[in-house]
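Asker: Just passing along the structure, written as structure tokens.
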Amino acid sequence: MRFSKLLIPTSKETPNDATLASHIYLIRGGFIQSVGGSGLYNFLPLGKRVLDKVKQVVKEELDRVGCQEVSLAFVTPASLWEESGRYEKYGKELLRFKDRKENVFVLGPTHEEMMVNLVRQSVKSYKQLPLNLYQINLKFRDEIRPRFGLMRGREFLMKDGYSFHADEADMKREFDLMEETYKKIFRRLGLEFRVVEADSGAIGGSGSKEFMVLADSGEDTIVVCDGCDYGANIEAAVRQEKVCDAPAPQLGKEKVHTPNASTMEELAAFFDVDPFYLVKTVAMRALYDEGRSEIVLFALRGSDALQEVKACNAVDANDLVEVSEEELASAGLVAGFMSPIDVPEGVRVIVDKTIEGATDMICGANEKEYHTTGNTIEGNLDYHDIVAVQEGDLCAKCGGELRYTKGIEVGHIFQLGTRYSEPLGATFLDENGKSQPMVMGTYGIGVSRLLAAIIEQYHDDKGCIWTKETTPFDLYILVSNVKDEAQMRSAQKLYEELSAEGVDVLLDDRKDRFGAKIKDFELLGIPYGVVFGKKLSEGSVEIIERKGLAKEEVSLDEIKDKIVAKVRG
RNA sequence: CGGAGUGUAGCGCAGUCUGGUAGCGCACCUGGUUUGGGACCAGGGGGUCGAAGGUUCGAGUCCUUUCACUCCGACCA
């Protein structure tokens, strides 16, 4: 296609709200356009081409393993969400609105309900299972803080797939198949990624894995092991139980006056013990459906940190928020001196499972300026894993050292079980004519986010660098001076010959000078460029490889074959 | 929601303190020159100054209210 005919509004200026490379270059390259800020974007012709290519890869790989594409209605009746129980649970991110008849609808942030509804209407027998249905459609999440361009928009393109099975084992088989398929997809897109254990979040379900594109700008912290292939989101990471070389405090059961010792550091110094032997008690307010909430104390070792997602899951809350000192006081608690032992009536306590049975522990006394020593954590308490794995902790799988890295979540697969099929009544008759809820899996890929992830992983200080499967064009032909008839004529000839071979060519036939055009070539990130310029009078042109910007002089007779070889290779 | 800040041309900004004919750069249009690293000359178009109300002879500027957006912390593909 001809550059002069395409809408590619490139710009020298960096938008002032853009900090991420992907955001800056996608806007500057004229791939996308912001719609009044606020996490909404238009895809311009170039961005749409990339999007379609990514979609195509996703679709091909899914169809190859038997998934079937559908397209669900975008507007969802709220009643479906009430049936599944997520209408309350999903929170403010779910955009709700009414039609003229005052019926309530939502814009789907994910479509479990809609897909289950589709299937329950048409699938009645085990003979129709298994089934894996997906769509690549817009989703809307009213994000608290949209930012980073396509990385966290409010409206975004997602592939969401749902599988339906007669039993757990078959669902697990499909789950593994999807894991392999996703790996193929991300490999084809040319991404460097890691599959990690994950928390299931608002979707629900048991086993879940995330596909993380490794990039420093990633919003997720992932824990990886240097010794083996273990990887997990910090929200779900586990470790070998910690041991402590420092001696346990030799203190009996006592109540000690501890003025000015309300933090773990102060307390460790006061008693001259390792924080390992202190009990850290964190108070949070847990929020539930219908506006209910309660104060919960989370107790763990002083040497550990609370992992909020794990904590939230432990109490099965929708969210955890901080508690003010006044609220604590009215519940009979004193900040800095709290304890999981002898708590006031009505305060729920969750204890980290690594301190179950721990002895010689120092706790708050639930009284200002007092702590108690010589405690043993035992009895009928509610034990859960609520600690955040830290760098340097040891891998539960191989004993190697764990470290943090950053990732962009581009895919997430879940073993759902009957979390949706049961409440929504998606049942089938098995071989014995008995009614059973379908066992489900759900699988997502952030398609529009992938564009951002690709650029985060592949860019330089000049612009985008697209991978083979994602580039909007295979080749950029740059005509240095369009008024030079020889240049224009041979460029056009090459353009036509390559187009006939099925190579996607962008012909830069704009009246601008060389400088402006080469900058746009670098900004747009098309893998190869051919320059028709000064050397044409000697019968040669220049090939530029976008990645690394290496230049190669090639004679006119060879250029076509060289390009075909590069693009196909 | 908590804290900080900004709303003036398509984009980036000045002007607001101290009220007096709305400006600059980029982009855009016309003509000409130029053509290997974002050219130059000349001419030109484009604005309810976020919105509403108030003070004033006069408001982008002062007062009140309101809306939107951005940035820093808790969510997710």
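The values are calculated or read from the model by the stated rules, or taken from the named source; none is laboratory data. From a predicted model like this one, the values you see are computed outputs, not experimental measurements. Glycine gets a Cβ as well: all are built from the backbone with ideal geometry, and neighbour counts include every protein chain shown. Accessible surface areas use protein heavy atoms only, side chains included; no ligands, DNA or RNA. Shrake-Rupley method; radii C 1.70, N 1.55, O 1.52, S 1.80 Å.
Asker: What figure, in Å² to the nearest 10, do you get for the accessible area of A:HIS23 with a 1.4 Å probe and non-protein molecules left out?
Answerer: In the full protein context, A:HIS23 sits at about 10 Å².
Asker: Let me ask something else about it. Considering the options A:TYR420, A:THR14, A:PRO247, tell which one lies farthest towards the positive end of the dipole of chain A, charges being +1 on Lys and Arg and -1 on Asp and Glu at the Cβ, about the Cα centre.
Answerer: My answer, from the dipole projection, is A:THR14.
Asker: Okay, moving on. If a paramagnetic tag sat 7 Å from the Cα of A:PHE74 along the Cα-Cβ line, which residues of segment A:121-148 would have the backbone N under 14 Å from that point?
Answerer: A:136-141
Asker: Hand me the GluC sites (Glu not before Pro) from segment A:75-116 located in a DSSP loop with no more than 16 other Cβ atoms within 10 Å, in residue order please.
Answerer: Sparse-neighbourhood loop GluC sites (Glu not before Pro): A:GLU102.
Asker: Give the shape of segment A:285-418 as rounded, prolate or oblate, defined through the alpha-carbon gyration tensor: a ≥ b ≥ c are the square roots of its eigenvalues, a/c under 1.5 means rounded, and otherwise the shape is prolate if a/b is larger than b/c and oblate if not.
Answerer: oblate
Asker: OK, next. So which trypsin sites (Lys or Arg not before Pro) in segment A:420-519 are both in a DSSP loop and have at most 15 other Cβ atoms within 10 Å of their Cβ?
Answerer: Listed in order of number, the matching sites are A:LYS434, A:LYS462, A:LYS468, A:LYS483, A:LYS511, A:ARG513.
Asker: Can you give the helix-only mean residue ellipticity at 222 nm for chain A, where every DSSP H stretch with n ≥ 4 adds -39500 (n - 2.57) and the sum goes over all residues, rounded to the nearest 500 deg cm²/dmol?
Answerer: On the way: 13 runs with 143 residues, N = 569.
Per the formula, -7500 deg cm²/dmol.
Asker: I've got another one for you. Could you give the nm distance between label points at A:ASP176 and A:LYS511, where each point is 7 Å from its Cα heading toward the beta carbon?
Answerer: Going by the 7 Å Cα→Cβ label model, 6.5 nm.
Asker: In debye to the nearest 20, how big a dipole does segment A:475-568 give about its Cα centre with +1 on each Lys and Arg Cβ and -1 on each Asp and Glu Cβ?
Answerer: Result for segment A:475-568 is approximately 300 debye, rounded to the nearest 20.
Asker: Right, next: On the full set of protein chains, 1.4 Å probe, figure out the accessible area of A:ASP142 and give it in Å² to the nearest 10.
Answerer: 50
Asker: Please give the contour-minus-distance gain from A:ASP316 to A:LYS101: 0.36 nm per residue of separation, less the Cα-Cα distance, rounded to one decimal in nm.
Answerer: 73.9 nm
Asker: Once you sort the root eigenvalues of the Cα gyration tensor of segment A:475-568 as a ≥ b ≥ c, which label holds: rounded (a/c under 1.5), prolate (a/b larger than b/c) or oblate (the other case)?
Answerer: Judged from the Cα gyration tensor, segment A:475-568 comes out rounded (a/c under 1.5).
Asker: So, one more: Report the calculated FRET efficiency for A:LYS535 and A:ASP430 (r = Cβ-Cβ distance, R0 = 51 Å), to the nearest 0.05.
Answerer: 0.10
Asker: Round to a whole number: what % of the accessible area of chain A belongs to carbon and sulfur, probe 1.4 Å?
Answerer: Whole-percent figure for carbon plus sulfur exposure: 47.
Asker: Only Cα pairs under 8 Å and at least 6 apart count here; give the relative contact order of chain A as a rounded whole percent.
Answerer: Values: 1220 pairs, mean separation 97.4, N = 569.
Worked out over chain A, it gives 17 percent.
Asker: A further question follows. Would you tally the net charge around A:ASN260, using a Cβ to Cβ cut-off of less than 11 Å, leaving A:ASN260 out, and scoring K and R as +1, D and E as -1? Before the final figure, lay out each step's value.
Answerer: Details: positive: none; negative: A:GLU266, A:GLU369.
Residues close to A:ASN260 contribute a combined charge of -2.
Asker: With a 1.4 Å probe and all protein chains left in place, how much accessible area per residue does chain A have, in Å²?
Answerer: For chain A, the solvent-accessible area averages 45 Å² per residue.
Asker: Assuming 0.692 mPa s and 37 °C, estimate D for chain A with Stokes-Einstein, Rh taken as the Kirkwood radius over Cα pairs, in µm²/s.
Answerer: 120
Asker: Give me the net charge of A:LEU20's neighbourhood, meaning all other residues with Cβ under 11 Å from the Cβ of A:LEU20; Lys, Arg count +1, Asp, Glu -1.
Answerer: Net charge in that neighbourhood comes out at -2.
Asker: Here's a follow-up. Note down the relative contact order for segment A:475-569 as a percent, whole number, built from C-alpha pairs under 8 angstrom at least six residues apart.
Answerer: On the way: 139 pairs, mean separation 27.8, N = 95.
Over segment A:475-569, the number comes to 29 percent.
Asker: I would also like to ask the following. Take the cross-link list A:LYS59/A:LYS406; A:LYS511/A:LYS534; A:LYS59/A:LYS468 and give me the ones stretching past 25 Å between alpha-carbons.
Answerer: On the way: A:LYS59/A:LYS406 28 Å; A:LYS511/A:LYS534 16 Å; A:LYS59/A:LYS468 17 Å.
Beyond 25 Å: A:LYS59/A:LYS406.
Asker: Oh, and also: Using Cβ-Cβ distances only, list the Cys residues of chain A with no partner cysteine under 4.7 Å, sorted by number.
Answerer: Lacking a cysteine Cβ partner under 4.7 Å: A:CYS67, A:CYS244, A:CYS312, A:CYS363, A:CYS464.
Asker: Probe radius 1.4 Å, ligands and nucleic acids left out: which of A:VAL238, A:VAL195, A:VAL50 has the largest accessible area, and how do the rest follow? Before the final figure, lay out the partial values.
Answerer: Details: A:VAL238 60, A:VAL195 30, A:VAL50 0 Å².
In descending accessible area the options line up as A:VAL238, A:VAL195, A:VAL50.
Asker: With the Cα gyration tensor of segment A:60-166 in hand, convert its eigenvalues to equivalent ellipsoid semi-axes via √(5λ) and list them largest first in whole Å. Numbers along the way, then the final one.
Answerer: Numbers: eigenvalues 135, 77, 24 Å².
Square roots of five times the eigenvalues give 26, 20, 11 Å.
Asker: I've got another one for you. First check a/c for segment A:1-61, with a ≥ b ≥ c the square roots of the eigenvalues of its C-alpha gyration tensor; if it is under 1.5, answer rounded, and if not, answer prolate when a/b is larger than b/c or oblate otherwise.
Answerer: oblate
Asker: So, one more: Computed FRET efficiency, Cβ-Cβ of A:ARG147 and A:LYS183, R0 30 Å: what is it to the nearest 0.05?
Answerer: Efficiency, rounded to the nearest 0.05: 0.55.
Asker: Then there's this: Would you tally the net charge around A:PHE156, using a Cβ to Cβ cut-off of less than 10 Å, leaving A:PHE156 out, and scoring K and R as +1, D and E as -1?
Answerer: Residues near A:PHE156 contribute +3 overall.
Asker: In terms of Cα to Cα distance under 19 Å, which lysines are near enough to A:LYS462, apart from those fewer than 8 places away along the same chain?
Answerer: A:LYS12, A:LYS517, A:LYS519, A:LYS547, A:LYS551
Asker: For segment A:280-349, which GluC sites (Glu not before Pro) pass both filters: DSSP loop (anything but H, G, I, E, B) and at most 16 other C-beta atoms within 10 Å? List each step's numbers first, then the result.
Answerer: On the way: sites: A:GLU290, A:GLU294, A:GLU308, A:GLU322, A:GLU325, A:GLU326, A:GLU327, A:GLU345; in loops: A:GLU345.
Passing sites in segment A:280-349 are A:GLU345.
Asker: Follow-up question, since we're still on this one. Please identify the longest segment of chain A free of exposed chymotrypsin sites (Phe, Trp or Tyr not before Pro), where exposed means a DSSP state other than H, G, I, E or B and no more than 15 other Cβ atoms within 10 Å.
Answerer: Numbers: sites that count: A:PHE74, A:TYR288.
By the stated rule (loop sites, at most 15 other Cβ atoms within 10 Å), A:289-569.
Asker: Here's a follow-up. Placing one identical point scatterer on every Cα of segment A:213-358 and ignoring solvent, what is log10 I(q)/I(0) from the Debye formula at q = 0.16 Å⁻¹?
Answerer: Each listed q maps to, in turn, -1.02.
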